[in-house]
Amino acid sequence: MSENKASNQMWGGRFASGPAAIMEAINASISFDKKLYTQDIRGSIAHSEMLAQTGIISAEDQKKIAEGLNTILSEIEAGTFEFSARLEDIHMNIEARLADLIGPSAGRLHTARSRNDQVALDFRLWVKEELQRTANALVGLIEAFLDRAEEHAATVMPGFTHLQTAQPVTFGHHCMAYVEMFARDLSRVRDAIRRMDESPLGAAALAGTGFPIDRQMTAKALGFREPTRNSIDSVSDRDYALEFLSTAAICATHLSRLAEEIVIWSTPQFGFIRLSDQFSTGSSIMPQKKNPDAAELVRAKTGRVNGHLIGLLTVMKGLPLAYSKDMQEDKEAVFDAAETLDLMVAAMTGMVRDMTINTAAMKKAAGSGYSTATDLADWLVREAGLPFREAHHVTGRAVALAEEKKLPLERLALTDLQAIDSRINDSIFDVLSVNASVKSRSSFGGTAPQEVRRQTRYWRKRLKQGA
């Protein structure tokens, strides 16, 4: 059978000749939707089994259909299947090959089904499986951070606001901030899976079908919680694709923030971490350079993922119900975003596990910029009974004096501090070191080492429970 003839038969008798080359180029999606072959074949086998079970087709035809589809699956996986742009998409490519293999029985497969609910099913299955892969990858990234947090629960580093030294924290506490971030991403992924866990198969073109199909049967066979409840929405919905892209964009933003910190921390000016050669490159002209290219590329790829979200939102914003061909533009965006996010998460997991922490540089920086000034103010409130605003003013005068003398706060003489406020006594020096500062921050969710360890235990338990 020639490709033109096969194409015309798929379209029916109305079209006397094949499409023009331009129409073929703009209409065909096989170059990218062939990625859905596994889902398409799974859906078709489940549909055929339901058709046979309900008596719509014979058991003999169903057996031929299933055998033919499994043969096609083997051909695609072996790389011997010939995809044709003239057959437009993965659905028609598989259907045409099925007709070649088993003859007229192939024509019974499309009973009570449309390409509209077929593509909605295939794409939904693919996105659902990709979300599960994303969830697994995020668990791996969170576990990498938990390992580093436990290792460095007491490693002191500067905490920043406005990228200015603010208060001492621990590196373990900083790592746990990313645990919280990526745990929210994981929660969004799992929520999205639950929300899209409905099968559109059986919605047909848009109005359902008059055949006595069993949509509960196909939904269960394909691993969905239940079938969708409105046939129009079933074929016009792409919320699951948008939600995937939205979740991916938020996660990519978190990865980009982490990448930026890795870039900053690995500079000689900070020197907090060092990446191995596995995640760095050299300069073509400057032999001393070691560039954190993997982190920089993670940072850059965030724009790519964000762009795909805006692109699909724009495609969907003006579409009337039910199906429009515009929706063909959904897949390339999602496929590329998924591949990009997979790579970003893998690269970042590798970098978190790979980085060498310069604890000495972190501790030295933690004491810079009078980072324990708030501890002085808190002591004045707690021990001397000052209102916080007055304590803030006294502390400001102490910082000004330390700057004038070019000394850290804990090196000021007691007499100098008492000249500022006579209520200060020598117990003030118990809180002015960075180690004392972080140990004192023992409130729930604080940076104290024992609290960091408590939070790591909590998150390990939650991950073990699958929460």
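The values are calculated or read from the model by the stated rules, or taken from the named source; none is laboratory data. For clarity, every value in this text was computed on a predicted model and none was experimentally measured. Note that we place each Cβ from the backbone using ideal geometry, even for glycine, and neighbour counts take in every protein chain shown. The protein model used for the area step is the full one, side chains on, heavy atoms only, and it has no ligands, DNA or RNA in it. Shrake-Rupley method; radii C 1.70, N 1.55, O 1.52, S 1.80 Å.
Mean residue ellipticity at 222 nm, helices only, the chain: -20500 deg cm²/dmol; runs of at least 4 DSSP H residues each add -39,500 (n - 2.57), and the sum is divided by the number of residues. Positive end of the dipole of region 370-450, charges at C-beta (+1 Lys, Arg; -1 Asp, Glu), about the Cα centre: which of 391, 442, 425 has its Cα farthest in that direction? Among 391, 442, 425, the one farthest towards the positive end of the dipole of region 370-450 is 442. In the complete set of protein chains, residue-level accessible area for residue 375 is approximately 10 Å², probe 1.4 angstrom. Karplus-based coupling profile of region 232-238, in residue order and whole Hz: 5, 5, 4, 8, 9, 6, 10, with θ = phi - 60° in 6.51 cos²θ - 1.76 cosθ + 1.60 and x standing for Gly or Pro.
Estimated from the Cβ-Cβ distance and a Förster radius of 45 angstrom, the FRET efficiency linking residue 111 and residue 300 is about 0.40.
What's the angle, to the nearest 10 degrees (0 to 90), between helix 388-405's Cα axis and the longest principal axis of the chain? Long axis of 388-405 versus the principal axis of the chain: about 70 degrees. Each Cα pair under 8 Å and six or more residues apart adds its sequence gap; the mean of these over the residue count of the chain is a relative contact order of 16 percent. Each residue was assigned an accessible area with a 1.4 Å probe, and for residue 257 the value is about 140 Å². The fraction of accessible area contributed by carbon and sulfur in region 28-82 is 44 percent, rounded to a whole number (1.4 Å probe; ligands and nucleic acids excluded). When nucleic acids and ligands are ignored and a 1.4 Å probe is applied, residue 370 ends up with an accessible area of around 50 Å².
Separation of the alpha carbons by more than 23 angstrom is noted, of 34/220; 63/331; 364/439; 64/325, for 34/220; 63/331; 64/325. A cut-off of 5 Å between modelled amide H atoms, ignoring neighbours fewer than 5 places along the same chain, links residue 166 with 159, 160, 161. Over region 31-100, what is the mean sequence separation of C-alpha contacts under 8 Å (at least six apart), divided by residue count, expressed as relative contact order in percent? Relative contact order for region 31-100 comes out at 38 percent. Put simply, the amide H of residue 446, placed in the peptide plane, has no neighbours under 5 Å, leaving out anything fewer than 5 places away on its chain. The charge dipole of the chain, taken about its Cα centre with unit charges on the Cβ of Lys, Arg, Asp and Glu (plus for the first two, minus for the last two), comes to roughly 860 debye. Positive end of the dipole of region 293-440 (Cβ unit charges, origin at the Cα centre): among 298, 312, 415, the Cα lying farthest that way belongs to 415.
For the chain, the solvent-accessible area with a 1.4 angstrom probe is 48 square angstrom per residue. Across region 299-310, computed HN-Hα scalar couplings (Karplus, 6.51 cos²θ - 1.76 cosθ + 1.60, θ = phi - 60°) run 4, 6, 5, 4, x, 5, 5, 4, x, 5, 4, 5 Hz from first to last residue, x flagging Gly and Pro. Within the same chain, aspartates and glutamates fewer than 8 places from residue 317 are excluded, and of the rest, those with a Cα less than 20 Å from its Cα are 233, 237, 239, 243, 326, 329, 330, 332.
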